[in-house]
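The values are calculated or read from the model by the stated rules, or taken from the named source; none is laboratory data. Computed from a predicted structure; not experimentally measured. Counting neighbours? That spans all protein chains shown, and the Cβs are built from the backbone with ideal geometry, glycine included. Only protein heavy atoms, including side chains, enter the accessible area calculation; ligands, DNA and RNA are left aside. Shrake-Rupley method; radii C 1.70, N 1.55, O 1.52, S 1.80 Å.
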Amino acid sequence: AHYREAKGPNANTGGNSEIYRMEADGAVVITRDTRTIVGDHADYDVDQGIGIVRGKALKLTTATDVVTARDALEWYDQKQIAVARGDAVAIRQGGRTIKADTLTAYMVKTAAPGQPGAPAAAAPAKPGAAPAKPGAPNGTPAPSDESKISRIDAQGHVVVINGADIGRADYGVYNAATDICTLLGNVTIARGKDVITGQYAVMDLN
């Protein structure tokens, strides 16, 4: 834990220092509501609400999805955005799979049974765009809230697998609410020996 002199209304009660950065090494496990992130090394910026996890077997697990990566898993807390870099793979319930060089997942909060509804996450950016810099906190979600992926933007060597259907493209946008994936750039969709090609395609993963 990295400390500094406390300042402002968030200063620790009865003390004159506060944590502004945390690092973890070895068998790292980070949990919050229904999310779990595992890796070898984690670095969390408390002020910005940004965490980066690196190492082998990187994995983010939510109530409905599993996301893995080779190079890094990034978490933008206030924006509810997760970024998986390097051979990124997202597997949804039912086996629907999205692969790419980089996957950007936009999360939403849903209240657990018996809990009031939670506010939705910020609107997602355009496909391939870098996550926006997190802004001011909007309040701390209730511990019982569940995090679910609402949208995934895929960039670079995109592969979408749904049963016998395999789609490939330069970019992809997956809508979790509709199970529709839009593919852009050098698109091919194959089922067995049947192949169609183009620059734009829509795959229904239902």
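Let me confirm something: among ARG21, ARG4, ARG35, which residue is open to solvent by less than 40 Å² (accessible area, probe 1.4 Å), among the basic types (Lys, Arg) and farther than 25 Å from HIS157 by Cβ?
Being open to solvent by less than 40 Å² (accessible area, probe 1.4 Å), among the basic types (Lys, Arg) and farther than 25 Å from HIS157 by Cβ holds for just one of ARG21, ARG4, ARG35, which is ARG35.
Which residues, taken from segment 178-206, are of a type in the set (Asp, Glu), touching a residue at least 12 places away in the same chain (Cβ under 8 Å) and exposed (fewer than 14 other Cβ atoms within 10 Å of the Cβ)?
ASP204
Can you work out which of the residues in segment 134-168 that are at pLDDT 95 or above, at negative phi and small (Gly, Ala, Ser) is surrounded by the most Cβ atoms within 10 Å (Cβ to Cβ)?
Per the criteria, the residue is ALA154.
Results for (1) modelled with pLDDT under 95; (2) surrounded by fewer than 16 Cβ atoms within 10 Å (Cβ to Cβ); (3) more than 30 Å from ALA6 (Cα to Cα), shown as yes or no for each residue.
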residue	(1), (2), (3)
GLY39	no, no, yes
LEU58	no, no, yes
ALA63	yes, yes, yes
ASP71	no, yes, yes
GLN78	yes, no, no
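Quick one: which of ALA82, ALA88, ALA100 is within 24 Å of LEU184 (Cβ to Cβ), modelled with pLDDT of 90 or more and in contact with a Phe, Trp or Tyr (Cβ under 8 Å, 6 or more places away or on another chain)?
Details: ALA88 fails: in contact with a Phe, Trp or Tyr (Cβ under 8 Å, 6 or more places away or on another chain); ALA100 fails: in contact with a Phe, Trp or Tyr (Cβ under 8 Å, 6 or more places away or on another chain).
Testing whether each residue is within 24 Å of LEU184 (Cβ to Cβ), modelled with pLDDT of 90 or more and in contact with a Phe, Trp or Tyr (Cβ under 8 Å, 6 or more places away or on another chain) leaves just ALA82.
Can you pull out every residue in segment 52-104 that is among the polar types (S, T, N, Q), within 23 Å of MET22 (Cα to Cα) and part of a strand (DSSP E or B)?
THR61, THR68
All but one of (1) touching a residue at least 60 places away in the same chain (Cβ under 8 Å); (2) of a type outside the set (A, V, I, L, M, F, W, C); (3) farther than 29 Å from VAL159 by Cα hold for ASP47; which doesn't?
Here ASP47 clears every test but (1).
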